[in-house]
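Please treat every number below as a calculation from the coordinates, not as lab data. Fair warning: this is a prediction, and the values are worked out from it, not measured in the lab. Note that each Cβ is placed from the backbone with ideal geometry, even for glycine, and that neighbours are counted across all protein chains shown.
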Amino acid sequence: MNGSKYLIFRGLLFFMILGSSFGVMANAENPDAEAHQTEEKPFEAAKHAVHHALDAHEFHFTNTLVIPLPIILWTDKGLVTFMSSAFHHDDEGGTIVEEKGMKFVKLHEKIYLLEEGATELQLNHEDHAAENAKQVILDFSLTKNVITMFMVAFLMIFVFIKTAKFYKKPKQEAPRGIAGFTEPVILFIKDLAAENIEGDKYKKFLPYLLTVFFFILFGNLLGLIPFLSNPNMTGSISVTLLLAAFTFIIQMMNSRKTYWLHIFDPLGNSMGVAAKIPLYIILVPIEILGIFIKPAALMIRLFANITAGHIIVISLISIIFVNESAWWSGLSVPMTLFISLLELLVAFLQAYIFTMLSALFIGSAVESAHH
């Protein structure tokens, strides 16, 4: 029976990856399909790849199947709400939405407010910026990444509640089902924390490390599902910035005297004060910069790796449309399948790396003095 379960799992995994490839192919046609009906435009692979990796105000499955999301803006005239479908899926600022005497346009998935009296959006084609509009600062719209974060949260709650119920049973047995998946992962993260944080101090930070690991993992995995329009939640710099900020704040709040002595007196008693002063002119600024470089590296590593995977997949599929020949699918589809399998590995790897480095940074801050 177990063998048949694994066979079904492998089959579902294969079709998920295959569906992801062809789902990208379905979306690889220029999203401005209406424009193509009146004017033939060359396919811009780079533009479409970057657009695919960005956040969006709708779930775009195909040119005809689009689920709009609510636009929620706070302006000088109060709260403004409407559905993103009012923009007619136009990302070049051509559609103007009027609400409460104000005119809004969408440009590169950002909402802009037109200047009073303006009838259309004027673009600076050198940097593709708006000349007669300003970006709405207080934008609380539910985007694809926001909805994905809610999905990840509900998924985590479901998984951990089911796992907790299994271990509340009076008669314990070998873990199975969801508990069979979560137990080895939890034990792995526990050992990881114990290796990098001395003594029993790791227990204090284990809930955070487990949360951040599963949050990143589930976010990465949801980004591989074509039926969800391949959301790029963990490829958003805002999300990775917040995760890195949490690690940084926890590290700073729990830092000990020995941590700061290592920053401002890295050489200790190894040499005299007069000899250390010239070295400290160089060493101390580097150590201070290192405090902020570490969380920045956490942020950029996760953002860059996940975004790169999405861009590579759409770029490989774009080969077919750039060459305008289906024969190229014999090359691009197998390569896309390979990259999709690699992305599955990266989904677990990046969650592990972020968690491991977070434990390492926190461990260095709470470490006691060595005698």
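Measuring between alpha carbons in the structure, the pairs from LYS106/LYS144; LYS169/LYS201; LYS168/LYS203; LYS77/LYS144; LYS162/LYS201 lying more than 23 angstrom apart are LYS169/LYS201; LYS77/LYS144; LYS162/LYS201.
Extension gain, SER368 to THR119: 0.36 nm times the residue separation minus the Cα-Cα distance gives 83.1 nm. The string of couplings for segment 296-304 from the Karplus curve (6.51, -1.76, 1.60, θ = phi - 60°) is 5, 5, 4, 5, 6, 4, 5, 4, 5 Hz, one whole number per residue in order, with x for Gly and Pro.
In segment 146-366, taking the dipole from charged Cβ atoms about the Cα centre, the farthest positive-side position among GLY290, SER238, PRO207 is held by PRO207.
Rg then Dmax, both in Å and based on the Cα atoms of segment 146-366: 22.0, 73. Between ALA308 and SER329, what is the spin-label point distance in nm, taking each point 7 Å from the Cα along the Cα→C-beta axis? Those two pseudo-labels are separated by 3.0 nm. Extension gain, ILE300-MET83: 0.36 nm per intervening residue step, less the Cα-Cα distance, totals 74.9 nm.
Please find the FRET efficiency linking GLU98 to LEU342, where r is the Cβ-Cβ separation and R0 is fixed at 56 Å, and quote it to the nearest 0.05.
Computed FRET efficiency for GLU98 and LEU342 comes out at 0.75.
Between MET253 and ILE281, the modelled label-to-label distance comes to 4.0 nm, taking each label 7 Å out from Cα in the direction of the beta carbon.
The distance linking segment 52-75 with segment 261-295 is 49 Å (Cα centroid to Cα centroid, whole angstrom).
To the nearest 0.05, what FRET efficiency results for LEU142 and VAL273 with a Förster distance of 45 Å applied to their C-beta separation? Present the calculation step by step, with values, prior to reporting the outcome.
Numbers: r = 58 Å, r/R0 = 1.30.
According to the calculation, E is roughly 0.15.
A straight chain from ASP76 to HIS108 at 0.36 nm per residue would run longer than the Cα-Cα distance by 9.2 nm.
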